[in-house]
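Notes follow the structure.
The values are calculated or read from the model by the stated rules, or taken from the named source; none is laboratory data. In this text, all values refer to a predicted model and were calculated from it rather than measured experimentally. Cβ sites come from the backbone with ideal geometry, for glycine too, and all protein chains shown count toward neighbours. To get the accessible areas, we keep the full protein, side chains included, count just its heavy atoms, and leave off ligands, DNA and RNA. Shrake-Rupley method; radii C 1.70, N 1.55, O 1.52, S 1.80 Å.
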Amino acid sequence: MTTSQHILACIDGSAVTASVCDYAAWYASRINLPVGLLHVSDVPASFRRDLSGAIGINSREFLLEELAQLDEQRAKVVNSYSNALVQDAKSHIRNKFGDLEVVIYQRRGKLLPAIEHFAAANRAIVMGRRGEDHKYSRINIGSQIETVARASDIPVVICSETFKEPRSYMIAFDGSKTAIKAVQMVAKSPMLKGLDSHVVMIGNHNDAAKQSLSAAAAQLQEAGFSVKAHHLSDSDAVDGLLKFQLDNDIDIMVVGAYGHSKLQQLFLGSTTTEIIASTLSPVVLLR
């Protein structure tokens, strides 16, 4: 297992692969780290069961042999595809970002265990909003995003559209422990330093909320960020945040991710999920 840090770009060959590569490379160049390109192949074995009671033993052995050959052929095709994908992605990054170091990782199985395999080296994770598994469906968010975000204590960047070099960002702030921690993480990282910075709170017009917002802005200012705090009165938090983003041409949204448990989310909904599904800009999830 590698021990040097990297920005891990999870690619699957979907339409958002180029965007994932570009934002991962931009992130890596901002903090002088390599990009780790990760492609995970999930190749299920052929469905098999004991057929000896239905057909003769010789026939059964023949069919099992054919299934084994099909499995082998499928694995070769998947390996060839994976090799081509990561090499194309590496070339894409090199063409756009010069001599940025790119490391290739290819694994079998499921995405989360593969990401966790590199846990000691991951500085951040970059994923597409909708992967290959949902490219033809109406689902706006890939099935892996919440799973990965809930399991990660590092930034998870979700992107979908063609890369645009970020000039500004906003932190969606509600005074919760998750939001306060998100501000702390931004303050400690050079990734967003130098960009136009905004901390935005919707509603909660009470003294405690106002003090929390002021404290968040002050923490960023003390860390060297030029930041503006905004306390808005929109009735719906997600709508208010998205309107602010559009009105102010904000390039990146920073969100404290999945502060509620999955059980609570069934009753309360998820602001995190709504934001990811509703914006075309990159979203940085922080837990």
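A few points about this structure:
- The stretch 171-200, residues that are open to solvent by less than 40 Å² (accessible area, probe 1.4 Å), modelled with pLDDT under 95 and of a type in the set (Val, Ile, Thr): THR178
- Some residue of the stretch 70-85 being within 20 Å of THR162 (Cα to Cα) and surrounded by 14 or more Cβ atoms within 10 Å (Cβ to Cβ): yes
- GLY203 over 22 Å from the mean Cα position of the chain (by Cα), surrounded by 13 or more Cβ atoms within 10 Å (Cβ to Cβ) and at positive phi: yes
- All positions within the stretch 200-239 that are assigned to a loop (DSSP other than H, G, I, E, B) and of a type in the set (A, V, I, L, M): ALA223
- For the stretch 237-250, the candidate set comprises residues that are touching a residue at least 24 places away in the same chain (Cβ under 8 Å) and open to solvent by 30 Å² or more (accessible area, probe 1.4 Å); within that set, the residue that is farthest from PRO166 (Cα to Cα) is ALA237.
- Residues of the stretch 147-196 that turn out to be at negative phi and not in a helix (DSSP H, G or I), as a count: 31
- Any chance SER214 is farther than 30 Å from HIS92 by Cβ and surrounded by fewer than 15 Cβ atoms within 10 Å (Cβ to Cβ): yes
- A search for C-beta distances below 6 Å between a residue of the stretch 169-198 that is free of Cβ contacts under 8 Å to residues at least 60 places away in the same chain and farther than 14 Å from THR272 by Cα and any residue that is among the polar types (S, T, N, Q) and open to solvent by less than 60 Å² (accessible area, probe 1.4 Å), counting only pairs 6+ apart in sequence or on different chains, returns GLY175/SER212; LEU195/SER168; ASP196/SER168.
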